[in-house]
Amino acid sequence: MSSKENYVAGVDEVGRGPLAGPVVAGAVVLPEKYEIQGLMDSKKLTKKKREMLYPIILAEALGTGIGIVSVQKIDEINIREATFLAMERALGNLPMVPHSAVIDGESLKSQIIPNKGIIKGDDKIDSIKAASIIAKVTRDRIMLHYGKIFPEYGFEQNSGYGTKVHMEALHKYKSTPIHRRTFSPVKKEMPTIKWLHENNRVQWMCEKLAALYLMENEFEIKKINHKNLSDGGLNIFAIGPDNQIILVAVVQKTAVGDKEEIINIIKGDTLMSKISSSKLLDDYEIGNIVPRVDALTVKLIKNKSPIIEHFKGIINY
């Protein structure tokens with residue numbers, strides 16, 4: 001194994017061009033000798049090949065780091081600065097402090113680790129190629145999860161890039177909270193509360209905001225049951241951080257006031273009948289497993305972030 005002072009990290013980012021989703025960077029420190037066949041810039045590899053190389057890189061690398069910059073931060077500081085920040089974070093998340101780094105494209109001016117920018121480094125340097133693959137696979141998996149929340153936009157296929165399917169959905173359904181608001185095509189398709197009401201999409205949006213909230217709190221969204229949108233039933237099937245199966249009711253918080261009133265509505269006879277329905281359980285493919293039932297209330301506020309409250313285990317069997 002190389003001595004610490006000889007660690008050289010390769011760094012690359014992906015996701016500069018998409019209209020939606022974060023920008024992600026990878027940093028990889030390879031040993032002097034390694035056996036990884038087929039390293040290339042991730043853009044030149046098929047998805048299957050990238051997925052095949054991903055665990056091999058993790059196994060052979062001395063260290064890997066991931067840096068993620070959110071859509072909100074991209075809109076705040078611009079995409080160019082966000083890519084630099086993602087690469088800074090990737091370097092910071094390595095399990096060691098490398099002696100130096102090689103960066104695809106421009107060098108990182110604010111990085112204390114000595115580094116050098118290499119034009120088309122993802123075609124020339126194996127550690128940068130590996131970093132590109134790690135970043136691309138990581139970002140695609142993030143977008144796959146977003147695709148379960150926003151199936152209309154095809155994120156699991158386009159990873160947020162402006163494909164025909166994505167652009168048509170953007171025009172029809174407007175932008176989502178994971179779209180980059182400072183990007184021109186998104187700016188033109190911003191939804192308003194008035195638009196949501198006029199197009200009968202308030203509950204639809206509340207459901208998606210609730211699912212995003214759960215995802216950001218380490219719940220894995222498995223399925224959203226769109227059949228229940230009109231009556232505010234059990235909308236979301238998720239796996240909690242403790243691996244417990246969760247069914248979630250999403251409730252619009254409008255005129256409803258205090259917590260007890262909300263819980264009484266959630267515990268109403270209609271919802272109880274849905275919970276005990278074997279057909280509903282079949283819809284979520286959980287068989288005889290008894291899920292926990294949670295509720296999320298979502299209040300939409302003009303020109304402000306929504307207010308979301310999470311009530312856990314609202315019904316005892």
Cα-derived Rg to Rh of the stretch 26-69, Kirkwood definition: 0.96
Pop the C-beta distance of LYS164 and ASN199 into the FRET formula with R0 = 22 Å and round what comes out to the nearest 0.05. 0.50
Once all protein chains are kept in place, ARG181 shows an accessible area at probe 1.4 Å, nearest 10 Å², of 140 Å²
Taking all protein chains together and a probe of 1.4 Å, list TRP195, TRP204 from the most accessible to the least accessible. TRP195, TRP204
Accessible surface of TYR173 in the full protein assembly, 1.4 angstrom probe, to the nearest 10 Å²? 40 Å²
At most 12 other Cβ within 10 Å, DSSP loop - GluC sites (Glu not before Pro), the stretch 159-248: GLU218
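Give me the net charge of GLY65's neighbourhood, meaning all other residues with Cβ under 11 Å from the Cβ of GLY65; Lys, Arg count +1, Asp, Glu -1.
Working: positive: ARG89; negative: GLU88.
Net charge in that neighbourhood comes out at 0.
Starting from 0.36 nm per residue, how many nanometres of slack lie between MET96 and MET52 once their C-alpha separation is accounted for? Can you show the working numbers first?
On the way: separation 44, 0.36 × 44 = 15.84 nm, distance 2.53 nm.
Contour length minus Cα-Cα distance gives 13.3 nm.
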What pairs from LYS187/LYS302; LYS73/LYS109; LYS164/LYS304; LYS172/LYS194 go past 25 Å between their alpha carbons? LYS164/LYS304
Please express the Cα-Cα pair-distance distribution P(r) of the stretch 1-136 as a list of whole percents, one per 5 Å bin, running from 0 to the bin with the greatest distance. 2, 12, 22, 25, 20, 12, 5, 1, 0
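The values are calculated or read from the model by the stated rules, or taken from the named source; none is laboratory data. All of these numbers come straight from a predicted model, not from anything done at the bench. Glycine gets a Cβ as well: all are built from the backbone with ideal geometry, and neighbour counts include every protein chain shown. For accessibility, only protein heavy atoms count, side chains too; no ligands or nucleic acids. Shrake-Rupley method; radii C 1.70, N 1.55, O 1.52, S 1.80 Å.
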